[in-house]
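The structure appears below as structure tokens.
The values are calculated or read from the model by the stated rules, or taken from the named source; none is laboratory data. Since we're looking at a predicted model, the values are computed, not measured. Don't worry about glycine lacking a Cβ; one is built from the backbone with ideal geometry, like all the others, and counts go over all protein chains shown. Surface areas here come from the heavy atoms of the whole protein model, side chains and all, with no ligands, DNA or RNA. Shrake-Rupley method; radii C 1.70, N 1.55, O 1.52, S 1.80 Å.
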Amino acid sequence: MLTTRRVFLHHSLSIASVVGANGLLGSAQAKEKAMARTTGPVIVSTWPFGKASNDEALRILTQGGSGLDAVEKGIWVTENDLSNSSVGAGGMPNAKGVVQLDACIMSGPGHKAGSVAAIEGIRHPISAARRVMEKTKHVMLVGSGAREFALKEGLETAEMPTEARRREWLQWKSKQENADGKNHDTIALILLAPDGHFYGGCSTSGWAYKLSGRVGDSPIIGGGLYVDDQVGAAGATGLGENVMRYCGSFQVVSFMQRGATPTEACLETVKAIARKDPKGSDLSINFIAVDKKGRYGAAGSAQGFSYSVTTPKFSRVETARAVTAKELGPIGGNRL
Ligand code: SD4
């Protein structure tokens, strides 16, 4: 566990080494970059279902594909899985019975980003996000504008909700239930490519039976995803309202920049949020991270978060660390 003091000390140290690297210690910086180059690829994604996406991403990288292709086509695997009720066309609809999808993508080189929110009827929102990044001057398109753009780009449409989801929604509606935040299982996929660069993407149908037009953290740069090519990448899953108010993924990368390992950075971010939020530790938030040394990690606000990690040597699901009450200390500092 990294204490605040240690984070601070690491921060000072990393500032010192950056200053050095830009000046006398240029070769040290080059050595670290070379190390990253030989460590990759490392692919990390949220939840056990992310493993199939990771495997596809690794396949693409192994065949010499780009980091962005690996992210996009990797996420396609999950978006194509109609049994997945929280991503893509199989996702759960909003309160009006309409599936509105959120996605974003980031490229470390050039610090580029693209995003779509509340997009309807497009099979691969991650591809729409990539097109926004590559074909427009903008970062984010929403709603009908995002759909029009995707259609103009020739992206595939899909019928949604599926029949099964429509039946569930009708049942939910007849019971006048509340949208209580269940079903939040986004895919966030981040990777360190063999060339030492970072890429990431995120795709979700969001909070089941949410209000029409609700957008979560997943398409928000710095919320559900953040990539800094000098430092690493992070992604989030869980209750977006509790991530986006705190720039969660940005915080994770920021902790890594100050010297924390990926696991420490995820833990520190959950702790920082819980200490401030009126909800205390009852947040339903989880983070994954990878750094330039190829180290990876994850943490959640409660037990039960697992994530997928894939390298050329292995592909497996790991259990994330949950922040303990003891580690948290005083929580909910921003009570009303
Ligand atoms: C959202 N964060 O829309 C997304 C949902 C999610 O794991 O992550 N699910 O709030």
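Karplus-based coupling profile of region 203-208, in residue order and whole Hz: 8, 7, 9, x, 5, 4, with θ = phi - 60° in 6.51 cos²θ - 1.76 cosθ + 1.60 and x standing for Gly or Pro.
Local charge for PHE149 was computed over the other residues whose Cβ lies under 11 Å away, with Lys and Arg +1 and Asp and Glu -1, and equals +2. GLY223 sits among other residues whose Cβ lies under 13 Å from its own Cβ, and their net charge, with Lys and Arg +1 and Asp and Glu -1, is -2. Of the beta bridges in region 26-328, as assigned by DSSP with both residues counted there, near 90 percent are antiparallel.
Between LEU82 and GLU318, the C-beta separation translates, for a Förster distance of 22 Å, into a calculated FRET efficiency of about 0.25.
At the residue level, ILE220 shows approximately 50 square angstrom of accessible surface with a 1.4 angstrom probe and all protein chains present. Mind pulling the angle between the C-alpha long axis of helix 67-79 and the longest principal axis of the chain? Nearest 10 degrees, somewhere in 0 to 90. The answer is roughly 40 degrees.
For VAL252, the solvent-accessible surface computed with a 1.4 Å probe is close to 0 Å², ligands and nucleic acids excluded. Counted by Cβ distance under 11 Å from ARG275, the other residues give a net charge of -1, where Lys and Arg count +1 and Asp and Glu count -1.
For the chain, take the longest principal axis of its alpha carbons; what is the angle in degrees between that and the long axis of helix 143-152, to the nearest 10 within 0 to 90? Here the helix axis deviates by roughly 90 degrees. Across the chain, Cα pairs under 8 Å and at least six residues apart give a relative contact order of 21 percent. With q set to 0.08, 0.09, 0.10, 0.13 Å⁻¹, the log10 of I(q)/I(0) for the chain, from the Debye formula over equal scatterers at the Cα positions, is -0.35, -0.44, -0.54, -0.91.
Accessible surface of HIS111, taken over heavy atoms with a 1.4 Å probe and every protein chain present, rounds to 90 Å². Ranking VAL142, VAL44 from most to least accessible surface, computed with a 1.4 Å probe over the protein chains only, gives VAL142, VAL44.
For the chain, the longest principal axis of the Cα atoms and the long axis of helix 4-22 meet at an angle of about 70 degrees.
Determine the alpha carbon to alpha carbon distance for each of LYS112/LYS135; LYS51/LYS313; LYS276/LYS326; LYS112/LYS137; LYS210/LYS271 and list only those over 18 Å. Beyond 18 Å: LYS210/LYS271.
For the chain, leaving out every one of the trypsin sites (Lys or Arg not before Pro) that falls in a DSSP loop and has at most 10 other Cβ atoms within 10 Å, the longest unbroken run is 176-312.
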